[in-house]
Amino acid sequence: MDNKEQLHPCMIVIFGASGDLTKRKLIPALYDLYTRKQMPEHFAIVGVSRTAFSDDDFRQKLFDFKSDNYPDADQWKAFSNHIHYHAADSTKLADFGDMKARLKQLADEHKTGENMLFYLSMAPQFFEPTIQNISAAEMVTEGKRYCSLDRQSKPWQRIVVEKPFGSDPKSATHLNSVLANVFEETEIYRIDHYLGKELVQNMMVLRFANAIFEPIWNQSYIDHVQITASETVGVESRGAYYDGPTGGAMRDMIQSHLLQVLSVMAMEPPVSLKAEDIRTEKIKIFKAMRVPKYDDVPNIAVRGQYGDGQLGGKVIKSFRESEGVNPESQCDTYAAMKMYVDTWRWGGVPFYLRSGKAMAKKVTNIVLYFKPTPHILFRDMAKQRKANQIVINVQPDEGIRIRFEGKVPGHKLAVKDVELDFDYVKQWNAQPPDGYATLLYDVMLGDQTLFKHRDEIECAWHAVQPVLDYWQDNPQFDLPNYAAGTWGPSAADILMAQSNRYWHNPK
Ligand code: BG6
């Protein structure tokens with residue numbers, strides 16, 4: 001597909017460019033778009049960080065980190081000619097004079113005009129001063145476009161903000177206000193890479209392009225929903241960050257990614273596919289998330305932390321032994337939570353969310369468990385009666401599986417569960433694209449569908465804050481409480497068993 005006509009020329013300015021995200025995700029994603037001919041004809045990428053690098057050193061550093069990703073030397077050369085580097089401290093307004101001059105010179109060189117995409121890829125404490133300096137340096141003219149006689153030709157400035165977006169409701173609201181002082185809401189792109197994942201987007205197609213799923217997608221038929229994001233890796237080199245105020249599985253994964261996935265799974269059909277219509281429906285779900293009561297937290301949430309363990313023959317050391325981690329850390333490397341969405345469609349249906357590091361398997365999925373048939377005719381014929389399930393595998397093994405009961409071949413009437421399997425890779429003969437490429441492309445197009453609105457973020461914080469407060473006030477003395485390489489603490493199984501339910505743990 002060649003979308004160059006829809007894409008305006010632009011300059012991408014990455015603040016915090018010497019960090020991990022740039023080399024691990026952003027540059028590979030932009031390269032992917034470039035090789036698919038989905039970058040504008042005129043573009044430049046400018047990395048900004050304090051460390052000094054020449055353009056060539058910076059390009060080399062990006063290449064060396066993931067050289068397998070850039071097998072075609074000519075393509076890489078052509079692409080990397082668009083990459084530049086400018087050393088500056090974005091928290092110091094004094095550094096913006098030179099930066100602006102350099103950006104102007106590069107804009108002329110690459111014919112990018114004045115369209116600017118600012119990407120905040122730095123530690124969260126630098127977000128606010130950087131946004132304020134962008135404003136003080138008069139790099140945003142977007143707010144004035146409504147006075148323009150020729151709106152089409154007015155340049156745009158957009159900002160992409162990485163997570164963590166605040167660490168509680170107050171800090172998130174504050175950051176939203178800081179952004180709103182400088183940028184229009186329509187130009188703010190709060191990124192969540194889970195929304196860029198193919199199977200999350202596919203969920204909307206599954207639900208709203210088919211007639212067979214929506215009629216049963218509600219409390220009349222669904223017993224409960226499980227959303228899991230388990231990882232086999234521990235915290236590795238991110239111990240200090242993870243053990244800090246914005247780390248822990250509840251903040252790092254559940255508040256952000258899993259609640260977003262939930263909102264797409266649970267939203268009402270939008271009136272159109274326009275970003276604002278889709279976001280309107282998602283916001284309603286966020287507003288309907290029941291805020292748990294503080295005293296109820298022990299009954300609805302479980303925290304865990306991994307100790308020593310093994311996975312695939314590899315020894316994993318406990319979280320507390322990781323570099324930068326307090327040896328008595330209370331940090332949750334695992335969190336599970338039962339929650340409700342108080343709407344007509346979902347009244348009484350529990351949503352169980354869980355996420356953990358150093359677990360038995362890397363998997364992100366959504367499992368809908370259906371209620372039993374009203375009259376259980378085949379009670380005596382099934383060894384074990386299993387609920388019907390729709391399993392949406394977000395990653396890996398992307399696909400959708402439906403589990404139902406079938407007759408075992410033979411004269412005798414016996415019943416056993418069988419699966420209908422839509423395997424993404426086999427079906428399309430293609431690997432799903434990386435979420436970052438999809439999202440960066442959308443920012444350049446000006447499509448906010450897959451980005452979070454300020455209300456979503458603030459409601460998501462409210463939905464988890466009582467749990468975080470309770471955990472903060474009540475240290476847990478049995479940590480670590482699960483061995484690395486397992487499915488998490490036994491308390492999480494008990495949470496399910498209390499309602500005669502069990503976690504869907506894929507083999
Ligand atoms: C990030 C979290 O947002 O998502 C990490 O900060 C986590 O802790 C990562 O490892 C997981 O992303 P993915 O795409 O590998 O599931």
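Listed values, structure above:
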item	result
Fewest-first ranking of 114, 214, 398, using other Cβ atoms within 10 Å as the exposure measure	214, 114, 398
Qualifying GluC sites (Glu not before Pro) for region 282-380 [loop in DSSP, other Cβ within 10 Å: at most 13]	323, 328
Value of [θ]222 nm, deg cm²/dmol, for the chain, DSSP H segments ≥ 4, -39500 (n - 2.57) each, nearest 500	-9000 deg cm²/dmol
Two-decimal ratio, region 212-309, of alpha-carbon radius of gyration to 2.2 N^0.38 Å	1.36
Mean-position separation - Cα centroids, region 234-299 and region 2-71, in angstrom	29 Å
Lysines with Cα under 21 Å of residue 170, excluding same-chain neighbours fewer than 8 positions away	284, 287, 293, 452
Under the Karplus curve 6.51 cos²θ - 1.76 cosθ + 1.60, θ = phi - 60°, whole-Hz ³J(HN,Hα) for region 38-48, x wherever Gly or Pro sits	10, 9, x, 4, 10, 8, 9, 10, 10, x, 10
Calculated diffusion of region 1-52, Stokes-Einstein form, Kirkwood radius summed over Cα pairs, 4 °C and 1.567 mPa s, µm²/s	109 µm²/s
Residue (of 183, 216, 227) at the positive-pole extreme of region 151-230, dipole from beta-carbon charges	183
Volume of the Cα convex hull of the chain, divided per residue and given in Å³	176 Å³
Cross-link table 23/163; 197/362; 338/361; 104/154; 25/66; 77/197, entries beyond 19 Å C-alpha to C-alpha	338/361; 77/197
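A short reminder: the numbers here are calculations on the coordinates, not readings from a lab. What you are looking at is a predicted structure, and each value in this text was computed from that prediction instead of being measured. Neighbour counts run over all protein chains shown; Cβ positions are idealised from the backbone, glycine included.
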